[in-house]
Amino acid sequence: MATVVIMPRQGQSVESCIITTWQKKKGDRVEVGDILFSYETDKSAFDEPAQTAGTILEVLAAEGDVIPCLDPVCIIGEPGEDISALLPKSAEAAAPAAEEEKKEAPKAEAAATVSESTGERVFISPRARHLALESGVDMTKVVSTGPHGRIIERDINKALDAGFTATTEAVEAFLAGHPIVVEEEAPAVEAAPAPAAAPAAADDLRAYVDEPMSGIRKVIAKAMHSSLSEMAQLTLNSSFDATNLMAYRAKLKEAGETLGLGKITVNDMVLYAVSRVLPNYPEINANLIGDTFRKYKHANVGMAVDTDRGLLVPVLFGAEKMTLASLAAETKVLAGKAREGKLTPDEMNGGSFTVSNLGSMGVESFTPVINPPQTAILGVCCTVNRVKADGTVYPAMGLSLTFDHRAVDGAPAAKFLKELCTALENFDLLLAK
């Protein structure tokens with residue numbers, strides 16, 4: 001009996017995923033465990049293994065398509081099996097048309113304007129539908145130019161360029177009011193991608209390569225732009241005497257493995273100190289969602305991890321309850337999963353505060369950007385030698401706290417930073433609490 005493969009839901013907050021690569025194609029034989037396709041959420045990448053053996057009888061989505069979670073992606077069964085009852089209506093309608101296209105040369109089709117009053121079915125590609133909902137285009141002004149009257153992504157962009165916009169609610173109402181037939185997007189001739197740049201001569205000083213922005217880079221860009229444009233961000237810079245912290249780190253490095261503590265880094269120690277100070281400042285250990293404060297009962301500390309796919313921020317939930325050793329072990333697990341692209345969305349959502357460490361790269365001071373909807377973020381800098389009034393040289397470690405001035409006033413932000421500096425200067429005493 002044929003089986004429909006659906007787009008998995010990776011976390012409660014994920015509504016759709018992007019198919020990045022098909023590892024199998026229609027007609028291929030697959031066994032249980034074979035990878036069918038690869039896909040991405042906002043910040044994670046996954047491979048989808050086959051749960052049943054058989055032949056891929058139909059592929060219902062193309063690479064690059066944005067597929068709602070739990071929607072069908074392909075059908076696995078035995079050759080000759082009747083799958084008409086499992087096909088979406090759009091696929092059934094497209095099948096005869098596809099056969100015709102094989103026999104006849106493609107013909108230019110007249111553009112058709114979607115009319116809100118007709119109540120006609122709307123033929124729209126997955127990418128175009130996603131862009132329409134995301135951008136808030138006026139669907140009554142969209143002109144369909146895709147094959148067989150389909151609305152494709154280019155049509156949405158043309159309407160947006162012309163200034164035809166509407167509220168998200170209006171777009172949702174329009175799409176909900178018309179029977180939607182989502183079909184695979186066929187690239188238009190004039191929209192064909194530009195050929196790859198030819199290898200440049202050795203003396204061509206103007207040579208360059210254009211690379212499209214990845215899905216994750218787009219998400220990061222959108223989040224950072226939203227953060228800076230919607231928040232009143234202010235950064236406070238301070239430093240502390242890291243003599244005791246570094247001495248304790250040296251002891252751990254020397255005897256930690258013998259005691260079964262594992263590798264504990266300076267960043268782990270900073271995260272530990274943050275988790276102990278954070279609950280004393282409810283407005284900083286919080287999210288600001290619209291006009292509502294979400295004040296967390298625990299220190300859910302996000303840790304920024306640099307990966308080949310972009311910056312990811314897994315969360316240490318209830319970090320204030322962890323010992324230094326258990327916290328360090330958890331950071332290693334989460335950082336490893338981040339770099340391997342195996343983090344789930346639930347492991348990156350629900351953070352109350354974030355720590356970003358650029359100290360290992362020699363950065364002495366910087367302005368970290370808040371991870372929305374959090375109200376603050378801590379930047380950890382490198383150590384530099386400074387001189388006290390008595391002539392003593394000491395290692396000073398810099399801390400940069402960016403906070404949302406809508407949610408947090410300067411005084412409590414300064415108090416948080418001062419208390420954190422004191423805790424780190426007396427780290428051995430902090431462990432005794």
Q.
Tell me yes or no: at least one residue of the stretch 369-376 is in contact with a Lys or Arg (Cβ under 9 Å, 6 or more places away or on another chain) and buried (at least 16 other Cβ atoms within 10 Å of the Cβ).
A. yes
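If a residue counts only when it is at pLDDT 90 or above and among the aromatic types (Phe, Trp, Tyr), which helices (runs of 4 or more DSSP H) contained entirely in the stretch 166-280 have at least 1 such residues?
Details: elements: 168-177, 215-230, 243-255, 266-277.
Passing ranges, in order: 243-255, 266-277.
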Q | Members of the stretch 326-354 found to be of a type in the set (Gly, Ala, Ser), in a helix (DSSP H, G or I) and surrounded by fewer than 21 Cβ atoms within 10 Å (Cβ to Cβ), listed by number | A | Ser326, Ala329, Ala335, Gly336
Q.
Looking at the stretch 221-233, can you tell me whether even one residue there is under 24 Å from Leu424 (Cβ atoms), in the same structural domain as Leu334 (by TED's automatic domain parsing), touching a residue at least 12 places away in the same chain (Cβ under 8 Å) and more than 24 Å from the chain's Cα centre (by Cα)?
A. no
Q) Within the stretch 1-56, how many residues turn out to be in a loop (DSSP other than H, G, I, E, B), of a type in the set (Gly, Ala, Ser) and in contact with a Ser or Thr (Cβ under 8 Å, 6 or more places away or on another chain)? A) 3
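Going by what's in this entry, would Glu283 be described as farther than 16 Å from Glu347 by Cα, assigned to a helix (DSSP H, G or I) and in contact with a Ser or Thr (Cβ under 8 Å, 6 or more places away or on another chain)? Walk me through how you get there before you give the answer.
On the way: farther than 16 Å from Glu347 by Cα: yes; assigned to a helix (DSSP H, G or I): no; in contact with a Ser or Thr (Cβ under 8 Å, 6 or more places away or on another chain): yes.
The answer is no for Glu283.
Within the stretch 39-59, can you find the residues that are at pLDDT below 90 and crowded, with 16+ Cβ neighbours inside 10 Å? Write out each step before concluding.
Just the residues of the stretch 39-59 that are at pLDDT below 90, to begin with: 39-47.
Hits for the stretch 39-59 are Tyr39, Glu40, Thr41, Asp42, Lys43, Ser44, Ala45, Phe46.
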Q) Asn244 fails exactly one of the following numbered conditions: (1) buried (at least 16 other Cβ atoms within 10 Å of the Cβ); (2) over 15 Å from Ala319 (Cα atoms). What is the number of that condition? A) (1)
Q) Can you name the residue in the stretch 415-433 that is in a helix (DSSP H, G or I), exposed (fewer than 15 other Cβ atoms within 10 Å of the Cβ) and not charged (D, E, K, R) and is also farthest from the chain's Cα centre (by Cα) among such residues? A) Leu429
Q: Scan the stretch 299-311 for residues that are buried (at least 16 other Cβ atoms within 10 Å of the Cβ) and part of a loop (DSSP other than H, G, I, E, B) and jot them down.
A: Ala299, Asn300, Ala304, Arg309
Q) Going through the stretch 374-400 one residue at a time, which ones are within 28 Å of the chain's Cα centre (by Cα) and not in a strand (DSSP E or B)? A) Thr375
Q) Can you tell me which residues in the stretch 14-54 are under 25 Å from Met213 (Cα atoms) and hydrophobic (A, V, I, L, M, F, W, C)? A) Val14, Cys17, Ile18, Ile19, Trp22, Leu36, Phe37, Ala45, Phe46
Q: Look at Asn357 and say whether it is of a type in the set (S, T, N, Q), surrounded by fewer than 17 Cβ atoms within 10 Å (Cβ to Cβ) and at pLDDT 95 or above.
A: no
**Q.** Single residue of the stretch 330-359 satisfying the filter (of a type in the set (D, E, K, R) and within 23 Å of Asn285 (Cβ to Cβ)) that is farthest from the chain's Cα centre (by Cα)
**A.** Glu330
Q) Does Val380 count as crowded, with 17+ Cβ neighbours inside 10 Å and in the same structural domain as Phe293 (by TED's automatic domain parsing)? A) yes
Q: Sort out which residues of the stretch 260-298 are crowded, with 18+ Cβ neighbours inside 10 Å, within 24 Å of the chain's Cα centre (by Cα) and either aliphatic (A, V, I, L, M) or not assigned by TED's automatic domain parsing to the domain that holds Met246 (or both), and write them in order of number.
A: Leu271, Ile284, Ala286, Leu288
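The values are calculated or read from the model by the stated rules, or taken from the named source; none is laboratory data. All values reported here derive from a predicted model rather than from experimental measurement. Note that each Cβ is placed from the backbone with ideal geometry, even for glycine, and that neighbours are counted across all protein chains shown.
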